[in-house]
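Reading through the structure tokens given below for one structure.
The values are calculated or read from the model by the stated rules, or taken from the named source; none is laboratory data. No experiment lies behind these values; they were computed from the predicted model shown. Counting neighbours? That spans all protein chains shown, and the Cβs are built from the backbone with ideal geometry, glycine included.
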Amino acid sequence: MGKSVRKRPESQGFNAQTVQRMLPAAAMFGELRELVIHAGLRAVEMMLEVERTGVCGAPYERQEDRQAIRMGHVPGELVLGGRRVSVKRPRARTRANEEVVLPSWARFSSEDPLTERAVEQMVVGVSTRKYARSLEPVAEGVTTRGTSRSAVSRRFVAATQEQLDEWMASDLRELNLVAVMIDGICFREHVVLCALGIEASGNKHVLGLQEGATENAVACTELLANLRARGLRTDRALLVVIDGSKALAKAVHDVFGRLAFIQRCQVHKTRNVLDQLPENKRGSIRKAMHDAYRSRSADTARRLLNNLERTLRKNHPGAAASLREGLDETLTVLELGLGATLERSLSTTNAIENLNGNIRRITRRVKTWRDGTMILRWVGAAVNEAAKGFRRFRGFQDLKRLVAALDAHTSKLTKTVDAPARAVA
């Protein structure tokens, strides 16, 4: 006897008849949307009227202890769906002839949601010209404003400047930072230096920005000085990861002195050396440098790199000089005895390069940079957007080893400074 097959009822699936029944409903969607918008505006009007009744009492009703009286309606505007919508505002005045501010009106007429919507639309890629098209359409007959190119631009400029000023003045004293990464990103003739801080917990924070013409020592010193003024501690050891720039290394030493552990990015160092070589030599040299940096031993890596430098010295003196310059600072992390994952994460500026990639993605739609202030505002907005997706630093489980190494270095330098004073005493 064959196995019986149970048929699924027609009501459990879609068929041609079901689709045909749905088509009229789909055609009514536009009308339904207008109905919902009208209902929302009507609900707001009712809410305002209830609040006015609370202070004035019911219409045409005698009330000896009435606190305020009705004063009809006047034209007004509320924020709805990223625009300002014209409505009639109910008025009330006290017996002392003072205007009564209804709580709901103060809340719904606030510019804050409108400004937030403008910034959000801009950072996700909507231009000022297309802002109005990106919003949900309103019902026919509803008067709106605030969606023009100039209006959106004004709100974006004001909001991003306020956001940047507040962020650049934020207090850093509560952050338990163990490492700072510094790198620059170019915008035509401008360079913006960005500092990314890493806490002992593995959390990442963008600490500050500095605009300049190049990645020079002056711009980096100003950036670090700003961080110090805002609470970044310079009285204990800190790991500072930078690219191959000698100017950045000088600025770090000027601000932190001997307390700074400088780690130059191994990727940048490899790239700088390869740029000095002919194409047919680059593959073998790249592999040799990669093997040296992955040896997990500072002594082994130093020996391999010194041997490589000697082989390059005669035929490619430029590449040899590039490899020799700051070689020890590319091995700093290897000296600290960290875990393999954390060691790789701290030996390059990849973490801040990822941040720079997000900044480029958000700012690439800007065709004309008028000045450095505009660049800083856009970079600040992009950083704020990128920070929403920050994850903990790769290898954060081993950051306690880094903390121990930094504390030991701080203690060693403190004893060295105190020793002469004790001898004199």
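Observations on the structure shown:
- So residue 227, is it within 19 Å of the chain's Cα centre (by Cα) and part of a helix (DSSP H, G or I): yes
- The condition of being surrounded by fewer than 19 Cβ atoms within 10 Å (Cβ to Cβ), of a type in the set (Asp, Glu) and in contact with a Gly (Cβ under 9 Å, 6 or more places away or on another chain) holds for only one of 325, 309, 343, 385, that being 325.
- All of 399, 355 fail the test of being over 23 Å from residue 186 (Cα atoms), surrounded by 14 or more Cβ atoms within 10 Å (Cβ to Cβ) and either touching a Ser or Thr at 6+ places or on another chain (Cβ under 8 Å) or of a type outside the set (Ser, Thr, Tyr) (or both), apart from 399.
- Some residue of region 124-136 being within 21 Å of residue 364 (Cα to Cα) and of a type in the set (Asp, Glu): no
- In region 230-280, the residue that is surrounded by the most Cβ atoms within 10 Å (Cβ to Cβ) out of those that are among the charged types (D, E, K, R) and not in a helix (DSSP H, G or I) is 264.
- Screening residue 63 with (1) closer than 27 Å to residue 364 by Cα; (2) not assigned by TED's automatic domain parsing to the domain that holds residue 44 gives one miss only, at (1).
- Criterion (surrounded by fewer than 16 Cβ atoms within 10 Å (Cβ to Cβ), out of contact with any Asp or Glu (no Cβ under 9 Å at 6 or more places or on another chain) and under 17 Å from residue 153 (Cβ atoms)) met by exactly one of 394, 370: 370
- Scan of region 180-224 for residues that are over 18 Å from the mean Cα position of the chain (by Cα) and assigned to a strand (DSSP E or B), ordered by number: 190, 212
- None of 89, 93 is over 29 Å from residue 131 (Cα atoms) and in contact with a strand residue (DSSP E or B) (Cβ under 8 Å, 6 or more places away or on another chain) except 93.
- The listed residues are 322, 295, and the only one of them that is of a type in the set (S, T, N, Q), assigned to a loop (DSSP other than H, G, I, E, B), assigned by TED's automatic domain parsing to the domain that holds residue 401 and touching a helix residue (DSSP H, G or I) at 6+ places or on another chain (Cβ under 8 Å) turns out to be 295.
- Single residue of 96, 92 found to be outside any helix (DSSP H, G or I), of a type in the set (A, V, I, L, M, F, W, C) and modelled with pLDDT of 85 or more: 92
- Residue list for region 115-150, filter: modelled with pLDDT of 75 or more and charged (D, E, K, R): 116, 117, 120, 129, 130, 133, 145, 149
- Meets criteria (under 23 Å from residue 342 (Cα atoms) and either at pLDDT below 90 or surrounded by fewer than 20 Cβ atoms within 10 Å (Cβ to Cβ) (or both)) for residue 212: no
- Across region 363-374, the number of residues qualifying as assigned to a helix (DSSP H, G or I) and either of a type in the set (Ser, Thr, Tyr) or closer than 15 Å to residue 167 by Cβ (or both) comes to 2.
- Where a residue in region 266-290 is not assigned by TED's automatic domain parsing to the domain that holds residue 329 and its partner, wherever it lies, is loosely packed, with under 13 Cβ neighbours inside 10 Å and not aliphatic (A, V, I, L, M), with Cβ under 6 Å and at least six apart: none
- Residue in region 133-144 that is of a type in the set (A, V, I, L, M), crowded, with 18+ Cβ neighbours inside 10 Å and either part of a loop (DSSP other than H, G, I, E, B) or under 19 Å from the mean Cα position of the chain (by Cα) (or both) present: yes
- Single residue of region 265-285 satisfying the filter (within 33 Å of the chain's Cα centre (by Cα) and among the basic types (Lys, Arg)) that is farthest from residue 182 (Cα to Cα): 271
- Evaluation of residue 28 against (1) buried (at least 16 other Cβ atoms within 10 Å of the Cβ); (2) modelled with pLDDT under 80 (one fails), failing number: (1)
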